Amino acid sequence: MPVLDILGPEVSRRPPVPAQKPAAGSAALRKYGALPAPSLEWTPQVERETAHLYARVQKVIPPNEWPFFAPYVKAINALKKQRNAVILAHNYQTPEIYNCVADFTGDSLQLAREATKVDADIIVQCGVHFMAETAKVLNPGKTVLIPDLRAGCSLAEAITGEDVRLLRERFPGVPVVTYVNTSAEVKAESDICCTSSNAVQVVESLGAERVILLPDEYLAKYVASQTKVKIIAWKGRCEVHERFTADELKQVRANDPSVQIIAHPECPPDVIAEADFTGSTAHMIDWVRAKRPKRVVMVTECSMADNVQGELPDVEFVRPCNLCPHMKRITLPKILDSLLQMKEEVVVDPMIAERARRAVERMIYLKS
Ligand code: SF4
């Protein structure tokens with residue numbers, strides 16, 4: 001069924017702003033201190049010690065580029081042990097991060113779950129700011145770092161806590177579900193969070209006739225098509241997924257009718273209508289693992305296909321794909337700097353964190 005109403009400003013995307021200002025001399029730096037920069041030379045020893053990691057990415061990183069990445073990979077892996085740190089990396093991170101330095105990888109839901117279990121003093125979030133905030137909200141006693149504070153998200157920037165309070169006034173008693181791609185302030189105003197993996201399940205779990213589902217207009221439309229619950233949506237969009245078009249997919253299929261097309265629910269409805277399967281990044285990867293199509297188009301961020309190519313050498317990943325400029329702010333040199341200088345520390349107001357935690361935990365502990 002179509003969504004009941006779509007609210008929000010005409011231009012949904014606010015200009016990207018740093019989600020949090022860098023703090024000079026953060027508490028993390030005072031607590032742990034800075035470390036000297038390691039050698040970043042490409043030597044026979046570095047080559048030997050990183051050979052097993054290069055094997056994971058050799059299909060997507062040419063041999064002449066590895067001497068640049070390898071010294072960073074070795075230094076970061078050593079520093080993680082020294083600092084008792086773990087790296088969480090989203091599926092949209094580049095292959096050298098995803099395959100060579102990450103301890104946990106996955107979509108927003110998987111990373112949120114891992115964040116509750118990590119046994120480390122420090123979490124380095126290789127993803128965007130709302131993910132780092134979620135890690136901090138779930139681990140108030142741990143130090144959470146993000147290698148670049150400017151790694152934002154067009155969806156998270158589409159809505160504020162004040163917007164949610166106004167919606168509650170307009171629709172009294174209607175439960176509010178927010179996508180995890182929102183700030184801690186917005187999560188704090190919500191009844192429960194959801195991800196693209198579990199949005200339908202979360203909406204139906206509330207037992208309500210109407211639900212406000214924020215802030216992704218296209219995810220809300222997809223959920224509305226899968227449930228009898230009436231959905232009130234917001235005009236937020238992912239700037240990566242909104243750029244795909246049904247015409248480009250029709251063209252791909254015309255060139256090869258056997259190609260499989262799988263799409264993320266943040267895509268426009270006509271794109272989803274062209275797809276053979278729709279699901280979150282984790283569900284898309286599982287689908288390709290299970291079905292092993294000869295050729296497949298993953299209608300999502302570019303790096304995902306690169307990241308699973310090593311594991312699935314028999315599958316040909318066909319483009320189109322689009323890059324997320326925010327995810328791509330995270331690089332190996334910035335991760336190294338983050339661990340050396342303890343920056344950028346993610347801070348969330350404890351009062352907001354407590355309320356946001358309730359909404360996130362309610363989702364995590366929802367029975368499947
Ligand atoms: S891909 Fe879209 S939803 Fe994900 S971080 Fe980038 S802008 Fe946000």
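Net charge within 13 Å of residue 314 by Cβ-Cβ distance, Lys/Arg positive one each and Asp/Glu negative one each, not counting residue 314 itself?
The answer is +4.
Picking from 249, 132, 78, whose Cα lies most toward the positive end of the charge dipole for the chain (charges on Cβ: Lys, Arg +1; Asp, Glu -1)?
Going by the Cα projections, it comes out as 78.
Order 158-168, 142-152, 278-288 from most to least packed using the mean count of other Cβ atoms within 10 Å.
The densest-packed peptide leads the list: 142-152, 278-288, 158-168.
Give, as a single signed number, the net charge of other residues whose beta carbon lies under 15 Å from the beta carbon of residue 286, with Lys and Arg counted +1 and Asp and Glu -1.
Computed value for this residue: 0.
About the Cα centre, and with charges only on the beta carbon of Lys, Arg (+1) and Asp, Glu (-1), how big is the dipole of segment 101-167? Nearest 20 debye, please.
120 debye
Placing +1 at every Lys and Arg Cβ and -1 at every Asp and Glu Cβ, with all other atoms neutral, what dipole size does the chain have around its Cα centre, in debye to the nearest 20?
560 debye
Arranged from highest to lowest average of other beta-carbon atoms within 10 Å per residue, in what order do the peptides 127-140, 308-321 appear?
127-140, 308-321
Step through the residues of segment 60-66 one at a time and calculate ³J(HN,Hα) from phi using the Karplus curve (6.51 cos²θ - 1.76 cosθ + 1.60, θ = phi - 60°), rounding each to whole Hz and writing x for Gly and Pro.
Karplus-based 3J(HN,Hα) across segment 60-66 equals 10, 10, x, x, 6, 9, 4 Hz.
Between residue 121 and residue 42, how high is the FRET efficiency from 1/(1 + (r/R0)^6) when r is the Cβ-Cβ distance and R₀ = 35 Å? Nearest 0.05.
My answer for the efficiency is 0.70.
Suppose only helical runs count, i.e. DSSP H with n ≥ 4. What mean residue ellipticity at 222 nm does that imply for the chain under -39500 (n - 2.57) per run, divided by all residues and rounded to the nearest 500 deg cm²/dmol?
For the chain, the value works out to -12000 deg cm²/dmol.
For segment 186-268, what size does the Cα cloud have along each of its three principal axes, sorted from largest down, in whole Å?
Answer, in whole Å and largest first: 46, 24, 17 Å.
Okay, which of segment 224-264 sit inside 16 Å, backbone N to the point 7 Å along the Cα-Cβ direction of residue 204?
The answer is 224-231, whose backbone nitrogens lie closer than 16 Å to the label point.
Using the crude model of +1 on Lys and Arg Cβ and -1 on Asp and Glu Cβ, and no other charge, please compute the dipole size for segment 218-368 relative to its Cα centre, in debye to 20.
Magnitude of the dipole: close to 540 debye.
Please list, in chain and number order, the residues 5+ apart from residue 194 or on another chain whose amide H is under 5 Å from its amide H, with Hs placed from the backbone.
Excluding prolines and chain starts, which carry no amide H, the hits are 178, 179, 180.
Read the figures in this text as sums done on the coordinates, not as results from a lab. Small disclaimer: the values here were computed from a predicted structure and weren't measured. Neighbour counts are summed over all protein chains in view; Cβ atoms, including those assigned to glycine, are modelled from backbone coordinates with ideal geometry.
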